[in-house]
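The values are calculated or read from the model by the stated rules, or taken from the named source; none is laboratory data. From a predicted model like this one, the values you see are computed outputs, not experimental measurements. Ideal geometry is used to build each Cβ from the backbone, glycine not excepted, and the neighbour counts take in all protein chains shown.
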Amino acid sequence: MGSQGQFPSIPYVLFELGIYVTAAYVLVKLWRTQPEKVPRMLVAMVFAGALEIFDIRTTHTYHYDRFLLMWGDWPNWFPICIAVAWGLVLHSTMEACEHLFASRWARPPMVAVLAVSVDLLLDPVVASSRIVAEPGMACDATWVGPGQAIGLGFWVWCVPEAEHSLIWGIPFGNFYAWGAVTLGFSAVAEVLQARFGKHATLGDQWVLAVVNGVVGYHAVQLLIQAYPKLIVYAHLPEWSLMLAMFLPGFVLIARAGARRTDRPVLLTTWIFVATTLFFCYTAMVTQSVLRDRLTLVFVLYSLAVGVATVGLYYWVLCGRRAPRTRTASISTAPSAPAE
């Protein structure tokens, strides 16, 4: 494990460099084939990084361990690679949903479902947690105990002692926030593209991306800040808020049916999902600090989540495509350039 005064260990470095390499590949491919989407992905990194920095400094619900490139000072620092990873998450999920024959306005809830399916494995594998006496208390070390996060400690959750709404030690609020970030950003993007994107130049797309980031930031803050208020004042159980965030996306994905557009399924759309799953499963096998904590139940959970995530992305990206014939060469939807 790394610490604030030491060079990060090998798993940290591999995780961080893997994100940078993947992002560089995706951005180069986009610049060559779909340059109008580069601004949105770059702004998404700044947008998500700003959200996390604000959250870390105001709530103290979690903190990050040391990576190579950090923004700020301990304990409120933030790894640059996490902001880059958010750009990949938002790009991958929004691109994937464009393969569905579904309304533009139906896409944001589906984007939220695709995003959280990855984090249901990622967070338990790479995060750890420490028990604190009450909400808002900072924690500065990892603590592993019954029912708590068992991961590598890339980031550490400060879990109140009375908190019971957890998935392998990770608070429900984390998964809700994943939905809020992806739902809010993609919803604003769809509104802007529907209104201004049809004839927008590359310069116009930069303006739209910046507006997307600013408006999306405030939209997501409203969603995240509503979470504790609904729990405390409306007495809503946390599981009901999770259902409200993700059930619409599942329903809309199912209602979209099996038919897909003939847009080519590009590597830039699914490479982040594939590399994330690969890292998680490799870490479970090779890292003794993680392997020694694994239980049969967690292994079965991780396999089930992995299979479900792969199946979900395959369904959204591929579904059932019409056979390619000479007469079917004219698409009912615009096709992206092949890689």
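Of everything in region 66-107, what is surrounded by fewer than 17 Cβ atoms within 10 Å (Cβ to Cβ) and of a type in the set (Ser, Thr, Tyr)? Give them in sequence order.
Across region 66-107, the qualifying residue is only SER103.
Scan region 232-244 and give yes if some residue there is assigned to a loop (DSSP other than H, G, I, E, B) and among the polar types (S, T, N, Q), otherwise no.
no
Output the number of the condition that TRP31 fails; it satisfies all remaining conditions of (1) crowded, with 17+ Cβ neighbours inside 10 Å; (2) touching a helix residue (DSSP H, G or I) at 6+ places or on another chain (Cβ under 6 Å); (3) within 30 Å of GLY203 (Cβ to Cβ).
Here TRP31 meets the rest and fails (1).
Being in a helix (DSSP H, G or I) and farther than 24 Å from LEU120 by Cβ: is that true of GLY213 here?
Judged against the criteria, GLY213 is a match.
In region 221-242, which residues are loosely packed, with under 12 Cβ neighbours inside 10 Å and either in contact with a His (Cβ under 7 Å, 6 or more places away or on another chain) or not hydroxyl-bearing (Ser, Thr, Tyr) (or both)?
LEU222, GLN225, LYS229, VAL232, ALA234, HIS235, TRP239
For VAL46, indicate whether it is in contact with a Gly (Cβ under 9 Å, 6 or more places away or on another chain) and either modelled with pLDDT of 95 or more or of a type in the set (Val, Ile, Thr) (or both).
Taking the combined requirement at face value, the residue satisfies it.
Taking only region 54-92 into account, find how many residues are under 15 Å from the mean Cα position of the chain (by Cα) and in a loop (DSSP other than H, G, I, E, B).
0
Hey, does region 50-65 have a residue that's closer than 30 Å to ILE253 by Cα, surrounded by 24 or more Cβ atoms within 10 Å (Cβ to Cβ) and either touching a residue at least 12 places away in the same chain (Cβ under 8 Å) or not hydroxyl-bearing (Ser, Thr, Tyr) (or both)?
no
Can you give me the number of residues within region 175-203 that are at pLDDT below 95 and either charged (D, E, K, R) or within 30 Å of ILE231 (Cβ to Cβ) (or both)?
Total meeting the criteria: 2.
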